[in-house]
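Q: Submitted below is the structure of interest, expressed as structure tokens.
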Amino acid sequence: MKVKKAVIPAAGYGTRFLPASKAIPKEMLPIVDKPTIQYVVEEAVEAGIEEILLITSKGKESIENHFDFDMELESVLKNKNKQDLLERVQYVSDLISIHTVRQKVQKGLGHAVYCARTFVGDDPFAVLLGDDVMYSDQPVIGQLMEHAEKSGCPVIGCQEVSREDISKYGSVKYSERSGRRARVSSLIEKPDPEEAPSTLAVLGRYVLTPDIFEILAKTPRGVGGEIQLTDAIKTLADRRQVEAYDFKARRYDVGQIQGFLEATVEFALRREDVCDRFQAYLAELLERD
Ligand code: G1P
């Protein structure tokens, strides 16, 4: 199974980031100097994805503009001899071809992915959620794509979380587990901690097969009154083998203030041009009363 297409849902309101996300899509909020969505797009490109579909909604035009060619800006930077900035701007617009489709009504993640059916056609495809930003040697979606290729199965990206935290995620019930993979026997979206079948959580990366669309079309609203992707994958797992893959990465939930702040600090500390002064500042801050 060779995966070349990716779907990135970016239609949500971003209510956890209001008022910042009132006029700016939450996906455009920067970690250091790059919008969060760029980290996710770069992960897909690095894994060999050739085409991306963004699922957007009203007010998300700036995401498309970010990945588009900006002739005026480029000529200003050229005239001012700002070669370094010019290259950084060109890099973004040259990254990959990005298509968009609008989710006209917000009916949940399952419905957002369903909006990708024409783009996906008969091919297997990756799904990357913009709220999950990864830091890893091998791109996380690439790890899943490799496992999908080897196993021939749809794969969901997972990591262990605490029992207390499992209620924020999809929880995987598995029938067997070896090394980094497990066979999915069921899934529960946002379970009560005592009812969760395991603490293996679904964390924003999937490799799916097009048979998911026929299931999504019939999936009723679930938790939160939304059509849940997790519920559709559960049905898929009743029909064919679905694998969970415990990917290797540090994951940041940038859809929450805490995760966003952690990502900001850690990515800044990894940047050679920022790290020394920023680290000194943090040390000095801790010393203050
Ligand atoms: C979504 C999925 C959930 C997953 C989570 C983290 O939930 O529905 O299964 O565990 O992303 O990637 P959300 O955080 O959008 O409510």
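Q: What is the distance in Å between the Cα centroid of segment 7-22 and that of segment 204-251?
A: Distance between centres, Cα-based: 22 Å.
Q: Also, quick follow-up: Which of the trypsin sites (Lys or Arg not before Pro) across segment 1-84 are loop residues per DSSP, with 12 or fewer other Cβ within 10 Å? Intermediate values should be presented prior to the final figure.
A: Numbers: sites: Lys2, Lys4, Lys5, Arg16, Lys22, Lys26, Lys58, Lys60, Lys78, Lys80, Lys82; in loops: Lys2, Lys4, Lys22, Lys58, Lys60, Lys80, Lys82.
When the trypsin sites (Lys or Arg not before Pro) of segment 1-84 are filtered for loop state and at most 12 Cβ neighbours within 10 Å, Lys2, Lys22, Lys58, Lys80 remain.
Q: Where does the charge balance sit around Ile141 when Lys and Arg score +1, Asp and Glu -1, over other residues with C-beta under 9 Å from its C-beta?
A: Around Ile141, the surrounding residues sum to -1.
Q: For segment 1-85, which chymotrypsin sites (Phe, Trp or Tyr not before Pro) pass both filters: DSSP loop (anything but H, G, I, E, B) and at most 15 other C-beta atoms within 10 Å? Kindly include the intermediate steps, with their values, before the conclusion.
A: Working: sites: Tyr13, Phe17, Tyr39, Phe67, Phe69; in loops: Tyr13, Phe69.
Counting only loop positions with at most 15 other Cβ atoms within 10 Å, the chymotrypsin sites (Phe, Trp or Tyr not before Pro) in segment 1-85 are Tyr13, Phe69.
Q: Under a plain spin-label model, where a point goes 7 Å from the Cα along Cα-to-Cβ, how far apart in nm are Ser178 and Lys248?
A: About 1.9 nm separates the two model spin labels.
Q: Just the number, please: percent antiparallel of the DSSP beta bridges in the chain, rounded to the nearest 5. Show your work: numbers first, answer last.
A: Numbers: 28 of 46 bridges.
Rounded to the nearest five, the antiparallel share is 60 percent.
Q: With a probe of 1.4 Å, find how much accessible area segment 1-49 has per residue, and write the answer as a whole number in Å². Don't jump to the answer; show the numbers that get you there.
A: Values: 2130 Å² over 49 residues.
For segment 1-49, the per-residue accessible area is 43 Å².
Q: Sticking with this structure for a sec: Trypsin sites (Lys or Arg not before Pro), restricted to segment 244-273: which are DSSP loop and have at most 13 other Cβ atoms within 10 Å?
A: Working: sites: Lys248, Arg250, Arg251, Arg270, Arg271; in loops: Lys248, Arg271.
Here the sparse-neighbourhood loop sites are Lys248, Arg271.
Q: With a 1.4 Å probe and all protein chains kept in place, how do Asp123, Asp132, Asp238 rank by accessible area, largest first?
A: Numbers: Asp123 65, Asp132 10, Asp238 110 Å².
The residues order as Asp238, Asp123, Asp132, largest area first.
Q: How much mean residue ellipticity at 222 nm does the chain get from its helices, if each DSSP H run of length 4 or more adds -39500 (n - 2.57) and you divide by all residues, to the nearest 500 deg cm²/dmol? Write down the numbers at each step before the final one.
A: Numbers: 11 runs with 109 residues, N = 289.
Helix-only estimate at 222 nm: -11000 deg cm²/dmol.
The values are calculated or read from the model by the stated rules, or taken from the named source; none is laboratory data. Predicted model, so just to flag it, every value in this text is computed and none were measured. Positions of Cβ are backbone-derived with ideal geometry, glycine not excepted, and every protein chain shown enters the neighbour counts. Surface accessibility is based on the protein's heavy atoms, side chains included, excluding ligands, DNA and RNA. Shrake-Rupley method; radii C 1.70, N 1.55, O 1.52, S 1.80 Å.
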